[in-house]
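Student: A single structure is presented below for examination.
The values are calculated or read from the model by the stated rules, or taken from the named source; none is laboratory data. Note that the structure is a prediction, hence the values are computed from the model and not measured. All Cβ positions, even for glycine, are placed from backbone atoms using ideal geometry, and neighbour counts span all protein chains on display. What goes into the accessible areas is simple: the full protein's heavy atoms, side chains included, and nothing from ligands, DNA or RNA. Shrake-Rupley method; radii C 1.70, N 1.55, O 1.52, S 1.80 Å.
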Amino acid sequence: MRSYDLALDGRDPLWPELVNLLQTGFRIEVEGEKSVRDFMREALLFDDAYIEGSISTVFVDSQPVDDLDAARVGPGSRLALSAAMPGLVGAIMRIKSPYASFRSAISYGSATAAGAAASAGAAAGGSAGRADASSAAAGEPAGEGAAAAGTGEAGLAAGRPAAGKPAGGLVLVKLFNAVMAERGPALLERGLLVDLSELAPLAERLGAAERAPAELPRLAGAAFVAPADSASSEAQSRQPAADGHAPELAFLRVRAAPRSKNTAGSDGEVRR
Amino acid sequence: MDKILRIDVGQTGLPSVKTEAVGAYAGLGGRALTSTIVGKEVPPLCHALGPENKLVIAPGLLSGTPAGQSGRLSVGCKSPLTGGIKEANAGGQAAQVLARLGYAAIVLEGAGKSDTTYLIHIDKNGVKIENDQRLKLLGNYALIDEMKKRYGDKVACISIGPAGEMKMASASIACTDMEMHPTRHAGRGGVGAVMGSKGVKVIVLDDAGCETRQPKESEAFKAANKVWIEGLKKHPVTGGGLPNFGTNVLMNIINEAGGLPTTNFKTGQYAGASKISGESEAALEIKRGGPATHGCHRGCVIQCSGIYNDANGNFLTKQPEYETVWSHGANCNIDDLDTIAMLDRLDDDYGLDTIEMGATIGVAMEAGLLKFGDGAGAIELMKEVGKGSPLGRIIGSGAAVAAKAFGIERAPVVKGQAMPAYDPRAIMGMGVTYATSPMGADHTAGYAVTANILKVGGYVDPLKSEGQIELSRNLQIATAAIDSTGMCLFIAFAVLDQPETFQALIDLINSFHGLKLTSDDVTALGKSVLAIERDFNARAGFTKEMDRLPLYFKREKIPPHNVTFQIKDEDLDKVFNW
């Protein structure tokens with residue numbers, strides 16, 4: 001797995017570009033399933049006031065969530081977090097929206113949504129409601145939608161472990177709009193697993209910050225474990241994602257640095 | 001705003017001009033006024049481009065006042081796209097200026113003559129009209145540049161581009177923004193074609209020497225406006241999400257929900273969504289020196305717009321809105337913001353509805369005229385519309401006509417009008433509104449999320465799934481009422497969450513006009529507007545069978561949720577039972 005460790009001052013124009021990556025998604029290791037609320041507390045380190053005051057729209061596997069304690073995420077899940085959104089549909093998608101009935105067919109826990117998830121999982125090669133990691137990792141289509149159009153994101157639930165058999169794995173997390181802007185920098189500072197392909201447009205600027213796998217730091221906090229050796233890093237870098245793809249992952253950490261001249265440090269870090 | 005300006009283009013020589021008191025239309029503004037005039041004065045069975053149709057342009061009840069967000073302009077007529085009644089509205093400067101000139105409405109009527117390109121200039125001294133052939137077939141940008149040379153940059157313009165002059169059913173009417181760019185459009189339903197049928201190219205509004213409209217109860221108005229603006233600024237959507245990222249902040253959300261129509265409504269998610277999201281768009285605008293937070297008219301508090309510069313830092317277009325980025329982007333599989341911005345620029349220049357154009361290009365892609373994802377091809381196709389070539393005229397006639405011409409069943413339309421950026425299978429409640437709105441498939445028809453505050457028809461339990469019919473009804477009523485105030489619909493979010501902000505809106509109307517309206521009165525206004533519009537459509541030959549989505553939405557599942565539209569026809573028929 002490739003690793004990038006940067007130190008940027010607060011005004012560096014690279015910051016917003018890196019923060020913007022978080023709308024595409026990053027991955028966090030999780031042991032077993034937990035509620036969305038607990039995941040936000042423990043893995044993302046969001047405090048309760050932020051969760052209640054700023055997280056207004058939540059999707060688990062593309063299903064809008066109304067109850068943060070009932071909705072659960074685990075290995076293979078896809079979680080998206082947003083502030084309150086405009087438009088009638090923005091209001092419809094909010095947690096406990098007065099207009100929730102408008103999207104009742106796709107809400108988390110609805111019979112239709114659950115059926116769709118099961119069907120997508122089965123299509124990916126798993127038993128009902130799940131797809132095993134090997135089929136997803138092998139690049140099999142994750143749902144009839146993706147297969148049919150070739151342009152849509154993959155179907156639901158692919159790559160999710162069997163219900164009742166919690167195991168370690170990765171959750172794909174997407175942060176949108178204000179949540180991305182407000183919490184992105186702190187998460188980048190702790191370090192994230194991102195799809196390597198997403199870093200391609202920034203390759204020239206990130207080159208000087210690339211570290212060899214042996215130099216990877218092991219982060220504090222149980223939820224964030226960067227791979228420390230090449231064997232585990234290779235395995236983890238190919239973990240199937242919720243979208244059924246098995247992208248090559250990279251570890252990215254961005255630390256705030258005091259303002260200095262735009263130079264590459266001798267330790268391989270980029271300081272600006 | 002106590003007079004109506006009637007311009008009869010059918011007179012010998014130049015059009016006749018008549019100013020009359022508002023009379024029976026007193027107390028109405030915006031959509032309430034346009035729909036009432038059209039309902040009373042336009043024969044429903046007339047041809048939309050014929051002499052019996054009228055184009056009504058009306059500011060809202062609070063336009064031209066210091067009330068924040070009061071700059072919407074309503075345009076009404078019989079629609080050449082749907083064959084029914086139409087109200088389309090736009091931001092920009094025109095509503096404020098027209099209201100300060102004292103006009104409740106401009107009505108263009110009579111039989112348009114061939115080869116007229118009327119320029120109508122209105123100021124405090126009156127109305128001047130000339131037939132200026134030099135303006136013929138100019139794009140909106142070149143036209144407005146010429147108006148700036150002649151009248152300066154303090155005027156507001158209402159104009160059509162070549163699409164309107166060629167009477168295309170997707171033609172829009174442009175209003176200039178604060179920088180005098182023709183970027184704010186009454187887009188839907190082909191209203192620009194009706195203006196073109198009257199031979200009118202541009203209306204120049206100059207309010208120099210005119211006073212701001214004064215409220216009847218000055219202190220009460222000031223107090224209400226203070227609460228109103230505070231309410232808009234403190235709300236996380238109107239005070240944060242919209243100004244920071246624009247309306248396109250919805251892209252990631254709707255995509256995540258699986259309700260983003262992609263590949264001509266074949267799937268509900270687009271792999272390139274994050275490349276064209278509001279977050280990416282705002283970052284690019286800032287990088288290129290264009291503000292990502294900007295208003296479309298003076299007095300805008302929310303500032304949901306921005307300036308989109310090209311790679312060299314030169315102005316290209318205003319910040320393309322969510323519906324535009326969706327229609328030209330996800331729906332056509334185009335994930336390049338510069339291509340989408342260029343398509344938006346062309347839409348504005350030719351005077352076209354961005355929703356209808358994106359949907360139509362999607363149909364053309366499905367028909368094999370070009371491949372999905374072909375941005376350069378989409379731009380070339382748009383240029384055919386601007387030229388008025390035979391192919392361009394088919395595209396400019398909208399998605400329904402293009403689908404017929406190319407032998408495609410999958411035209412995402414209701415009553416001939418293309419659906420906006422929310423798939424009605426994943427978000428079924430939107431489908432109820434698309435199906436039943438008198439306007440055709442229209443997201444703003446049920447946009448005003450005030451329904452449960454107004455408690456129209458009783459409170460709807462949000463936890464029950466069977467409330468979609470009632471909610472759609474309530475939303476359409478509330479929207480019709482807000483469209484009549486001249487208020488931007490984005491106020492609805494602050495009003496939804498903050499009852500004191502909703503009360504401030506009623507207080508603004510009451511203190512300005514010396515009225516004692518209650519929320520019940522506002523509800524009654526919304527109902528009456530819808531009743532007028534439904535009655536017009538019924539007399540135009542519309543039946544309940546036209547309040548339906550195309551059948552393939554019941555047959556074809558939309559991934560990733562793999563759902564179809566499941567609302568029963570008999571339930572759709574209950575929407576207007578009140």
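Student: Working out 0.36 nm times the residue gap between residue B:12 and residue B:45, then minus their Cα-Cα distance, what length gain in nm do you get to one decimal?
Tutor: 9.3 nm
Student: Can you tell me the accessible area per residue over chain B, all protein chains present, probe 1.4 angstrom, in square angstrom?
Tutor: 31 Å²
Student: Continuing with this model, one more query. Work out the FRET efficiency for residue A:256 and residue A:202 from their Cβ-Cβ distance, taking R0 = 22 Å, and round it to the nearest 0.05.
Tutor: My answer for the efficiency is 0.75.
Student: Here is a follow-up. Given the peptides A:196-207, B:283-294, B:267-278, arrange them by the average over their residues of other C-beta atoms within 10 Å, most packed first.
Tutor: Per-residue Cβ counts within 10 Å, averaged per peptide and sorted highest first, yield B:267-278, B:283-294, A:196-207.
Student: If Lys and Arg each add +1 and Asp and Glu each add -1, what is the summed charge of the other residues whose beta carbon sits under 9 Å from the beta carbon of residue A:108?
Tutor: Taking every other residue near residue A:108 into account, the sum is -3.
Student: Report the local net charge at residue B:381: Lys and Arg +1, Asp and Glu -1, summed over other residues whose C-beta lies under 14 Å from its C-beta.
Tutor: -2
Student: Search the structure for amide H atoms under 5 Å from the amide H of residue A:56, placed 1.01 Å from N in the peptide plane, and list their residues when 5 or more places away or on another chain.
Tutor: A:82, A:83, A:84
Student: By the scheme Lys and Arg +1, Asp and Glu -1, what is the net charge of all other residues having a beta-carbon under 9 Å from that of residue B:566?
Tutor: Surrounding charge for residue B:566 is +3.
Student: Using Cα pairs closer than 8 Å and at least 6 residues apart in sequence, work out the relative contact order for chain B, in percent.
Tutor: Value for chain B: 16 percent.
Student: Another question about this same structure. Any idea what the dipole of chain B comes to, in debye rounded to 20, about its Cα centre with Lys/Arg Cβ at +1 and Asp/Glu Cβ at -1?
Tutor: So the magnitude is around 780 debye.
Student: From other protein chains only, count the Cβ atoms within 10 Å of every residue's Cβ in B:259-268, then give the mean.
Tutor: Averaged over the peptide's residues, the number is 4.
Student: Long-range amide H contacts for residue B:103: which residues qualify at under 5 Å (H placed 1.01 Å from N, peptide plane, sequence gap of 5 or more or a different chain)?
Tutor: Here the answer is none, since no amide H 5 or more places off falls under 5 Å of that of residue B:103.
Student: What spacing in nm lies between the two simple spin-label points modelled at residue B:380 and residue B:133, each 7 Å away from Cα in the Cβ direction?
Tutor: The answer from the label model is 3.5 nm.
Student: To the nearest 20 debye, what is the magnitude of the charge dipole of the range B:287-414 about its Cα centre, counting +1 on the Cβ of each Lys and Arg and -1 on the Cβ of each Asp and Glu?
Tutor: With only Lys, Arg, Asp and Glu charged at Cβ, the dipole is about 180 debye.
Student: Residue by residue through the range B:55-65, what is 3J(HN,Hα) from phi via Karplus (6.51 cos²θ - 1.76 cosθ + 1.60, θ = phi - 60°)? Round to whole Hz and write x for glycine and proline.
Tutor: Values per residue, Gly and Pro as x: 10, 10, 10, 9, x, x, 4, 10, 5, x, 10 Hz.
Student: Relative to the present Cα-Cα distance, how much length would full extension add between residue B:19 and residue B:312 at 0.36 nm per residue of separation?
Tutor: The span from residue B:19 to residue B:312 would gain 100.7 nm if fully extended.
Student: What lysines sit close enough to residue B:113 to cross-link, taking a C-alpha to C-alpha distance under 25 Å and skipping anything fewer than 8 places away on the same chain?
Tutor: B:18, B:40, B:54, B:78, B:86, B:128, B:136, B:167, B:198, B:201, B:387
Student: In addition: Rounded to the nearest 500 deg cm²/dmol, what is the calculated helix-only ellipticity per residue at 222 nm for chain B, with -39500 (n - 2.57) per DSSP H run of length n ≥ 4?
Tutor: Taken over chain B, the calculation gives -11000 deg cm²/dmol.
Student: Related question: For chain B, state what percent of all Cα-Cα pairs lands in each successive 10 Å bin, counting from 0 Å until the bin that includes the largest distance.
Tutor: Going from the shortest bin to the longest, the percentages are 4, 19, 31, 29, 14, 2, 0.
Student: Follow-up. Can you pull the one-decimal nm distance between simple spin-label points at residue B:574 and residue B:2, each 7 Å off the Cα toward Cβ?
Tutor: Placing both labels 7 Å beyond Cα along the Cβ direction yields 4.8 nm.
Student: Oh, and also: Looking only at other chains, what is the average number of their beta-carbon atoms within 10 angstrom of each beta-carbon in A:90-98?
Tutor: Taking the mean over all residues of the peptide, I get 6.
Student: How would the range B:21-170 be classified by its alpha-carbon gyration tensor: rounded, prolate or oblate, with rounded meaning a/c under 1.5 and the a/b versus b/c comparison settling the rest?
Tutor: Because a/c hits 1.5 or more and a/b fails to exceed b/c, the range B:21-170 counts as oblate.
Student: How many Å² of accessible surface get buried when A and B come together, counting both sides, probe radius 1.4 Å, rounded to the nearest 100?
Tutor: Using a 1.4 Å probe on protein heavy atoms, the buried area is about 4200 Å².
Student: Determine, from the Cβ-Cβ distance of residue A:49 and residue B:111 and an R0 of 51 Å, the FRET efficiency 1/(1 + (r/R0)^6), rounded to the nearest 0.05.
Tutor: Efficiency, rounded to the nearest 0.05: 0.20.
Student: Short version: which residues of the range B:560-574 lose at least 10 Å² of accessible area, all chains versus chain alone, 1.4 Å probe?
Tutor: B:560, B:561, B:562, B:563, B:566
Student: Using per-residue counts of other Cβ atoms within 10 Å, averaged over each peptide, order B:399-409, B:185-195 from highest down.
Tutor: In decreasing order of mean packing, B:399-409, B:185-195 become B:185-195, B:399-409.
Student: If you bin the C-alpha pair distances of the range B:156-217 every 5 Å from 0, what whole percents do you get?
Tutor: Percent of Cα pairs in each bin: 4, 19, 23, 18, 13, 8, 8, 4, 1, 0.
Student: In µm²/s, what is D for the range B:284-340 at 25 °C and 0.890 mPa s, where D = kT/(6 pi eta Rh) by Stokes-Einstein and Rh is the Kirkwood radius from Cα pairs?
Tutor: Translational diffusion coefficient: 205 µm²/s.
Student: Cβ neighbours within 10 Å, averaged per peptide: list B:37-46, B:174-183, A:50-59 in order, most packed at the top.
Tutor: B:174-183, A:50-59, B:37-46
Student: When the accessible area of chain B is split by element with a 1.4 Å probe, what percent falls to carbon and sulfur?
Tutor: Whole-percent figure for carbon plus sulfur exposure: 52.
Student: Sticking with this one: Based on the Cβ-Cβ distance of residue B:149 and residue B:222, what FRET efficiency does E = 1/(1 + (r/R0)^6) give at R0 = 35 Å, to the nearest 0.05?
Tutor: Efficiency, rounded to the nearest 0.05: 0.35.
Student: Under a point-charge model restricted to the Cβ atoms of Lys and Arg (+1) and Asp and Glu (-1), what is the dipole moment magnitude of the range B:3-205 relative to its Cα centre, in debye to the nearest 20?
Tutor: Result for the range B:3-205 is approximately 160 debye, rounded to the nearest 20.
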